Amino acid sequence: MTSDKLRQVFEGQLNKYTNVMKGWQYRFFILDPETGLLQYYLNETENRQRPRGTVHLAGAVISPSDEDSSSFAVNSATGEMYKLRATDARERQEWVNRLRAVAEMHTLAIARSNPPLPPREYHSTQQSYSSALQGSRVTCTLAVLDAFSKVREQLFLAEQNSYSLSKAIESLPSTGTSTSTDHDLLILKATSAATLTCLSRCLAILQQQQLAPITTHSANVPLSLRSVPSVAVKKASQSTVGKMIADEITPERRMLAFMEWYMSCFYAGRKHSFARKPYNPVLGETFRCCWKVPNTYDTDEKRDIVITFKAEQVSHHPPVSALYVECPEKELYLTASMCTKSNFSGMSVGVNFHGDFKVALASHNEEYTFNLPSAYARSIISIPWIELGGKVNIHCSASGYSASVVFHTKSYYGGKANQVSGEVKDSSGAIICKLNGEWNRNIEINYYDGKTKEISIPNLPIYRKRMRKLSKQGEYESRKIWRKVTQAIKKREFEKATEMKMNIEDQQRVLERNRQQVGAPFISMYFHKVGSTWAYNKK
């Protein structure tokens with residue numbers, strides 16, 4: 001197939017596997033090589049201005065299925081996947097060839113758009129973000145520039161070899177023992193191209209970091225996503241839940257109040273868009289605090305409502321954090337035990353939460369179960385930033401009310417960040433309200449009766465936690481364990497902080513080995529294990 005033909009718009013009907021219908025559905029697809037987009041519609045006559053789905057093919061991997069001769073998958077760089085099926089092997093091969101050509105063309109275009117290697121006499125005169133570093137002058141040494149040049153030369157040679165490999169595979173016959181459509185060879189070809197694209201992108205980022213002035217962000221401790229349980233800790237700190245949900249008189253109003261509380265919780269936990277490395281909790285580490293919030297629902301009672309919080313690292317392999325929040329005055333209790341699992345995708349690290357999350361309203365005999373969105377650290381090689389993504393489900397079995405919220409991730413090629421949408425349903429499954437907006441800005445709620453409500457997240461009150469003085473804390477409380485590490489970081493003594501951190505972790509390993517040698521199990525201070533979860537030790 002000629003290069004001119006591969007650059008032409010290609011369209012046709014394919015079967016697309018959809019989880020909604022749990023099966024294959026005919027869809028009309030259009031491949032635009034100029035924009036690098038693959039879009040699909042319900043049928044050929046549907047409005048072309050509103051596609052049902054769109055993926056950008058830069059960095060995408062197109063993989064023929066080994067289950068049959070007509071299916072194939074399109075795996076985009078953003079993580080989205082289309083599972084497609086053509087009418088026969090010949091049609092599949094044509095789609096695969098065209099999709100790969102477009103993916104390769106746009107992947108290389110992005111790689112070329114990276115800034116070229118500057119001349120040796122380059123000097124940066126940009127100002128630092130930090131006022132203390134304003135006017136500083138950054139000079140690249142000959143050694144650094146020579147190193148970049150050598151790496152670029154090696155990448156060029158690797159690209160040539162990858163190109164030769166692709167041509168050799170494509171030149172194989174279509175039948176016989178070794179064919180051009182052999183599954184392993186296609187995987188080898190796709191992996192080679194994807195690896196080179198990633199390496200080129202990494203080199204460009206390293207160049208930008210080396211040639212740009214040092215910023216205050218680059219002084220942050222390296223990123224670690226093991227800390228994301230702190231999201232749940234922050235959720236408890238938005239303690240309007242203690243004075244709001246339990247005071248509502250109907251199941252519908254309580255579910256709506258729960259929904260509003262849930263959507264307002266993430267802002268305080270992620271005020272800043274960039275990511276910093278938190279401390280990795282050690283086994284047995286605890287954290288305690290409380291909040292005092294005004295009792296605005298009972299005007300005759302001037303006394304503040306007290307909410308207490310306790311958390312503990314109850315397992316190290318796998319890492320499990322357990323927490324307990326209570327407001328006895330409102331008979332409200334929150335319990336959770338969670339484990340995080342990380343995965344890498346391109347320039348991002350994703351963290352998924354697994355565990356039990358429950359809010360109990362004892363006065364109404366109701367229990368709300370829910371989960372947390374996934375967290376993603378983007379651009380992990382340069383200055384990382386955090387976004388939330390995934391679907392959250394909330395359910396109250398006693399009333400039958402439920403809710404779902406989708407945290408939309410920003411596309412690599414555009415779109416707005418921090419977008420959310422969701423809906424609340426009654427016990428019959430009827431939608432009583434819908435919401436949309438940004439979890440860190442404004443959320444609009446549209447009720448079934450035509451009324452609307454807008455929540456300005458940054459303007460909601462935040463009640464600060466209260467803790468005992470450091471001198472009165474136990475040896476395994478978080479601030480006591482990490483106090484020296486914190487002091488070193490504040491003094492920007494990062495090597496010293498790293499050494500102290502490693503000492504703490506080494507001590508934990510010694511204690512764990514000693515427990516294993518004598519056969520003594522770990523005994524939690526606040527929780528006990530029940531099946532696969534952890535429950536609070538109520539006195």
> Taking segment 143-185 as the region of interest, how many residues are over 18 Å from Leu203 (Cβ atoms), in a helix (DSSP H, G or I) and either of a type outside the set (A, V, I, L, M) or modelled with pLDDT under 75 (or both)?
Replying inline: 7
>> Gly36 - would you say it is more than 15 Å from Phe10 (Cα to Cα) and in the same structural domain as Thr195 (by TED's automatic domain parsing)?
In response: no
> Just one of Asp247, Asp300 is at pLDDT 75 or above, surrounded by fewer than 21 Cβ atoms within 10 Å (Cβ to Cβ) and at negative phi; which is it?
Replying inline: Asp247
> Which ones in segment 432-471 are over 19 Å from Gln419 (Cα atoms) and touching a Lys or Arg at 6+ places or on another chain (Cβ under 8 Å)?
Replying inline: Ile432, Tyr447, Tyr463, Arg466, Met467, Arg468, Leu470
> For residues in segment 489-539 being over 31 Å from the mean Cα position of the chain (by Cα) and β-branched (Val, Ile, Thr), which is farthest from Leu334 (Cα to Cα)?
Replying inline: Val518
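Looking at segment 392-409, is at least one residue under 30 Å from Ser76 (Cβ atoms), in a strand (DSSP E or B) and among the hydroxyl-bearing types (Ser, Thr, Tyr)?
Let us first name the residues in segment 392-409 that are under 30 Å from Ser76 (Cβ atoms), namely 392-394, 403-409.
Filter once more, so that each one left must be in a strand (DSSP E or B): 392-394, 403-408.
Imposing the further condition that a residue be among the hydroxyl-bearing types (Ser, Thr, Tyr) reduces the set to 404.
The answer is yes, given that some residue of segment 392-409 is under 30 Å from Ser76 (Cβ atoms), in a strand (DSSP E or B) and among the hydroxyl-bearing types (Ser, Thr, Tyr).
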> Within segment 53-114, which strands (runs of 3 or more DSSP E) (wholly inside it) include 3 or more residues that are at pLDDT 90 or above and out of contact with any Lys or Arg (no Cβ under 7 Å at 6 or more places or on another chain)?
Replying inline: none
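So which residues in segment 446-471 are among the acidic types (Asp, Glu) and assigned to a helix (DSSP H, G or I), if there are any at all? So that I can check it myself, show each step before the final result.
Going residue by residue through segment 446-471, those that are among the acidic types (Asp, Glu) are 449, 454.
Within segment 446-471, none qualify.
Here is a check on your reading of the model: is Lys472 buried (at least 16 other Cβ atoms within 10 Å of the Cβ) and without any contact (Cβ under 8 Å) to a residue 40 or more places away in the chain?
Working: buried (at least 16 other Cβ atoms within 10 Å of the Cβ): no; without any contact (Cβ under 8 Å) to a residue 40 or more places away in the chain: yes.
Spelling it out, it is not the case that Lys472 is buried (at least 16 other Cβ atoms within 10 Å of the Cβ) and without any contact (Cβ under 8 Å) to a residue 40 or more places away in the chain.
Whether any residue in segment 48-55 is in contact with a Ser or Thr (Cβ under 8 Å, 6 or more places away or on another chain) and within 30 Å of Arg378 (Cβ to Cβ) is what I want to check. Let's see the steps before the verdict.
Within segment 48-55, the subset in contact with a Ser or Thr (Cβ under 8 Å, 6 or more places away or on another chain) is 55.
This time we only want the ones that are within 30 Å of Arg378 (Cβ to Cβ), so: 55.
Yes.
Quick check on my filter: what residues within segment 522-539 are under 12 Å from Ser315 (Cβ atoms) and either surrounded by 16 or more Cβ atoms within 10 Å (Cβ to Cβ) or modelled with pLDDT of 90 or more (or both)? Spell out how you get there, then give the answer.
Here is the first cut: in segment 522-539, the residues under 12 Å from Ser315 (Cβ atoms) are 522, 524, 527, 529, 532-534.
Within segment 522-539, Ser524, Phe527, Lys529, Thr533, Trp534 meet the criteria.
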> Inside segment 30-62, can you point out the residues that are hydrophobic (A, V, I, L, M, F, W, C) and either touching a residue at least 24 places away in the same chain (Cβ under 8 Å) or surrounded by fewer than 12 Cβ atoms within 10 Å (Cβ to Cβ) (or both)?
Replying inline: Leu31, Leu38, Val55, Leu57, Ala58, Ala60, Val61, Ile62
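Which residue out of Ser70, Ser65, Ser76 is surrounded by 17 or more Cβ atoms within 10 Å (Cβ to Cβ), under 26 Å from Ser166 (Cα atoms) and out of contact with any Asp or Glu (no Cβ under 8 Å at 6 or more places or on another chain)?
Values: Ser70 fails: out of contact with any Asp or Glu (no Cβ under 8 Å at 6 or more places or on another chain); Ser65 fails: surrounded by 17 or more Cβ atoms within 10 Å (Cβ to Cβ).
Sole residue among the options that is surrounded by 17 or more Cβ atoms within 10 Å (Cβ to Cβ), under 26 Å from Ser166 (Cα atoms) and out of contact with any Asp or Glu (no Cβ under 8 Å at 6 or more places or on another chain): Ser76.
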>> Looking at segment 267-276, can you tell me whether even one residue there is buried (at least 18 other Cβ atoms within 10 Å of the Cβ) and either within 20 Å of Asn537 (Cα to Cα) or at pLDDT 75 or above (or both)?
In response: yes
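The values are calculated or read from the model by the stated rules, or taken from the named source; none is laboratory data. Everything quoted here is computed from the prediction, not taken from an experiment. As a convention, Cβ positions derive from the backbone with ideal geometry for all residues, glycine included, and neighbour counts pool all protein chains shown.
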